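Engineer: Let me begin by handing over the structure; questions about it come next.
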Amino acid sequence: MALRLGDTAPDFTADTTSGTINLYEYIGNGWGVLFSHPKDFTPVCTTELGEVAKLKGEFEKRDVKVLGLSVDPVDSHKGWADDIEETQGVKLNFPVIADPDRKVSDLYDMIHPNASDTFTVRSVFVIGPDKKIKLTITYPASTGRNFDEILRVIDSLQLTANYSVATPVNWKDGDDVIIVPAISDEQAKEKFPAGWKTLKPYLRVTPQPNKGKKQAGS
Ligand code: BEZ
């Protein structure tokens, strides 16, 4: 059955380009991003893996461990890593799971038979420190992912895990946020000392609480 938000991310141990990895040990007490690729030596995947390698520092800043997956064996991944370095100008600097027996692909429902019987689709799972699934995205093989968007969602997930806020359309780190409706104005006075703007009783906008900006008027 497909994994849903809030489900426990299934644990596994798998061969990767960095040796044998256990998912839970790899993530530790931080966050994880597990993402699948249709196949080695394919053009879109080559650009995606290069991009994730370039963004390593951004993931590290957010305490996120990344873990790729493709159904080909480790030797194939290692040969492909040379091509990634040559064409994308960056070394593969994170593990990619080799899943020829589809153990992990099946566990995470990454093969969608009506799209392809053999290739994994482009799945993304963001896993929280509690090992629950916080985000799932599925792209077709023909569309490369936007990893800036994945970082943006992680910023929102990490913020909303710690404060009683939600993030509005197209929000980026540092933009104003929304006070969740479950918080009364009385409670909000304590939680949001910078104040807020009430556009509707259910739509109250406040500066991002961990950025220290001041709200003009409330
Ligand atoms: C690619 O990664 O380029 C790709 C993989 C499978 C089908 C189409 C494109």
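The values are calculated or read from the model by the stated rules, or taken from the named source; none is laboratory data. This structure is a prediction, so every number in the text was calculated from the model and none was measured. Positions of Cβ are backbone-derived with ideal geometry, glycine not excepted, and every protein chain shown enters the neighbour counts. In case anyone asks, the SASA skips ligands and DNA or RNA and just uses the protein heavy atoms, side chains included. Shrake-Rupley method; radii C 1.70, N 1.55, O 1.52, S 1.80 Å.
Engineer: Return a yes/no flag: does the range 41-52 have any residue that is more than 19 Å from THR143 (Cα to Cα) and open to solvent by 20 Å² or more (accessible area, probe 1.4 Å).
Structural biologist: Within the range 41-52, not a single residue is more than 19 Å from THR143 (Cα to Cα) and open to solvent by 20 Å² or more (accessible area, probe 1.4 Å).
Engineer: Would you mention how many residues in the range 117-137 are in a strand (DSSP E or B) and surrounded by 16 or more Cβ atoms within 10 Å (Cβ to Cβ)?
Structural biologist: Within the range 117-137, residues that are in a strand (DSSP E or B) and surrounded by 16 or more Cβ atoms within 10 Å (Cβ to Cβ) number 10.
Engineer: Quickly run through the range 74-93 and pick out the residues that are open to solvent by 40 Å² or more (accessible area, probe 1.4 Å), away from the ligand (no atom under 16 Å from the Cβ) and either assigned to a helix (DSSP H, G or I) or touching a residue at least 40 places away in the same chain (Cβ under 8 Å) (or both).
Structural biologist: ASP75, LYS78, ASP82, GLU85, GLU86, ASN93
Engineer: Further question: Looking at the range 1-22 only, could you name the residues that are of a type in the set (A, V, I, L, M, F, W, C), buried (at least 16 other Cβ atoms within 10 Å of the Cβ) and part of a loop (DSSP other than H, G, I, E, B)?
Structural biologist: Once the filter is applied, which keeps residues that are of a type in the set (A, V, I, L, M, F, W, C), buried (at least 16 other Cβ atoms within 10 Å of the Cβ) and part of a loop (DSSP other than H, G, I, E, B), the range 1-22 yields LEU3, ALA9, PHE12.
Engineer: Take SER156 and tell me if it is hydroxyl-bearing (Ser, Thr, Tyr) and modelled with pLDDT under 95.
Structural biologist: Judged against the criteria, SER156 is not a match.
Engineer: Separate question: Hey, does the range 56-70 have a residue that's under 16 Å from ARG145 (Cβ atoms), crowded, with 19+ Cβ neighbours inside 10 Å and free of Cβ contacts under 8 Å to residues at least 40 places away in the same chain?
Structural biologist: Yes, there is a match, as at least one residue in the range 56-70 is under 16 Å from ARG145 (Cβ atoms), crowded, with 19+ Cβ neighbours inside 10 Å and free of Cβ contacts under 8 Å to residues at least 40 places away in the same chain.
Engineer: If you check GLY68, GLY50, which single one turns out to be in contact with a Phe, Trp or Tyr (Cβ under 7 Å, 6 or more places away or on another chain), within 21 Å of ARG152 (Cα to Cα), within 16 Å of the ligand (Cβ to nearest atom) and modelled with pLDDT of 95 or more?
Structural biologist: The conditions single out GLY68.
Engineer: Of the residues that sit in the range 94-116 and are in a helix (DSSP H, G or I), away from the ligand (no atom under 16 Å from the Cβ) and within 20 Å of the chain's Cα centre (by Cα), which one is surrounded by the most Cβ atoms within 10 Å (Cβ to Cβ)?
Structural biologist: Here the residue is VAL104.
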